[in-house]
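The values are calculated or read from the model by the stated rules, or taken from the named source; none is laboratory data. On a predicted model such as this, the values are computed, not experimentally measured, just so you know. Backbone-built Cβ (ideal geometry, glycine too); neighbour counts: all protein chains shown. Ligands, DNA and RNA are excluded from the accessible area calculation, which covers all protein heavy atoms including side chains. Shrake-Rupley method; radii C 1.70, N 1.55, O 1.52, S 1.80 Å.
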Amino acid sequence: MENFLDFTLTELEERMLNLNLEKYRAKQLFSFVYNKGFDDFSNISVLKKSDRNILNEKFLIPKLEYTTIKDKDGTIKFLFKLQDNCAVESVLIPMREGKNTVCVSTQVGCKMNCKFCATGKLGFTRNLKIWEIIYQVRHIYNVIKKNTTKAPNIVFMGMGEPLDNYDNTIKAILIINNEYGLSISRRRITLSTCGLVPQIEQLKKDLPFINLAISLNAADNFKRNFLMPINTTYPIEELLECVKDFPLPERKRLTFEYIMIKGFNDKQEDINNLIKLLKSLKCKINLIPFNQYNKNDNLFTSDNQTIERFAETLRNKNMFVTVRKSKGESINAACGMLVAAMR
């Protein structure tokens, strides 16, 4: 049987014709499965019984076991057990005014081995399949719909490097974005990358006008090499040259994520280097307090006063700066803390 959640709308339309069903059924099925949350073709009464039988014979809509844990700040972490007994974590982050953000994983583990990220310490097991990425969003969106009609923001910032699982991530986003699928606007979808330059170049063609976030974390190659081994392959200068013409949604900016690490990248010289590096780009800098996941790594978060001073100095130089408030830290759901430990 074929997995329904693996199909883009275009692919499903072709599959309908192959099964001697009307092409328009694909849009109909997308709407029932994604917008209305159906997980059994037998319950789609607008279809003829013979068509429902065909669909049940050819397709499955999978289910995954999962557990949740909730932080006192309202953040919920979902641990999804995959069919091969691997596991990934996703996070539902409540925002102001009834808004929500869903942090999605794209790999079991990660190859990038960034020093500030717990997932990188796991090593790499495998890429997630299209449906495994989709499942996280679809399931959590159904949870959200119980309390609000507002579509969530989707951030590909969970376990793994999204662009290292390029094809599956792009197809998953197309389904999430499709008006007959989950119908979540590209303006609400952010893809965060450590900086895989060839894949970013391809992304310009395949998925323009998506929000792009670059995990920068240092303004010189020496420090970034230490934090992020990928920088030895694609150094800062090459990365910035690649993203300077990235097609963005109207009134949107490139985001550069900058994890604040005490005594390492939070000094005046770091501010000066950051200004010099980014002053010519239409961008915002998102300062993120380092979430310490291992007491033995000798990396610590900058104190609040240092972070605020860092932000204010950048603002005084006409840089657009935000400071991320960590959520879910007590349940290891904050930025850089996902490890998918089975419970």
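As a test, work out the antiparallel percent of DSSP beta bridges whose residues both lie in the chain, rounded to the nearest 5. Write down the numbers at each step before the final one.
On the way: 20 of 46 bridges.
Just about 45 percent of them are antiparallel.
Ranked highest first by the average count of other Cβ atoms within 10 Å around their residues, in what order do 186-196, 131-141 fall? Mind showing how you got there, number by number?
Numbers: 186-196: 21.6, 131-141: 23.6.
Going from most to least packed, we get 131-141, 186-196.
Can you list the cysteines of the chain that have no other Cys Cβ under 4.7 Å away?
That list is C86, C103, C110, C194, C242, C283, C335.
Nearest 10 degrees is fine. How inclined is helix 49-58 to the longest principal axis of the chain, computing both from alpha carbons?
Roughly 50 degrees between the two axes.
Using Cα-Cα distances under 8 Å and only pairs 6 or more residues apart, what relative contact order does the chain have, in percent? The partial results should precede the final answer.
Numbers: 624 pairs, mean separation 54.7, N = 343.
Taking the mean separation of contacting Cα pairs over the length of the chain, I get 16 percent.
Give, as a single signed number, the net charge of other residues whose beta carbon lies under 15 Å from the beta carbon of V108, with Lys and Arg counted +1 and Asp and Glu -1. Write out the running numbers ahead of the final one.
Working: positive: K81, K111, K121, R126, K129; negative: D84, E89, E132, E161, D164.
Around V108, the surrounding residues sum to 0.
Would any residue of segment 169-185 have its amide N under 16 Å from a label point 7 Å out along Cα→Cβ of D84? List them or say none.
Once the point is set 7 Å along Cα→Cβ of D84, 169 turn out to lie under 16 Å by backbone N, inside segment 169-185.
Round to the nearest 10 and give me the degree value, 0 to 90, for the angle of helix 304-316's Cα axis relative to the longest principal axis of the chain.
90 degrees
I need the peptides 7-13, 91-97, 171-177, 252-258 ranked by packing, meaning the mean over residues of other C-beta atoms within 10 angstrom, with the highest value on top.
Details: 7-13: 18.0, 91-97: 16.3, 171-177: 22.9, 252-258: 20.1.
Descending packing order for the listed peptides: 171-177, 252-258, 7-13, 91-97.
Could you provide, to the nearest whole Å², the per residue accessible area of the chain with probe 1.4 Å? Display every interim value, and only then the final one.
Details: 15930 Å² over 343 residues.
About 46 Å² of surface per residue is accessible.
Could you work out which residue, out of S215, S45, S185, moves most in a Gaussian network model of the chain, that is, has the largest mean-square fluctuation with Cα springs under 10 Å?
Maximum fluctuation in the GNM of the chain, among the listed residues, is at S45.
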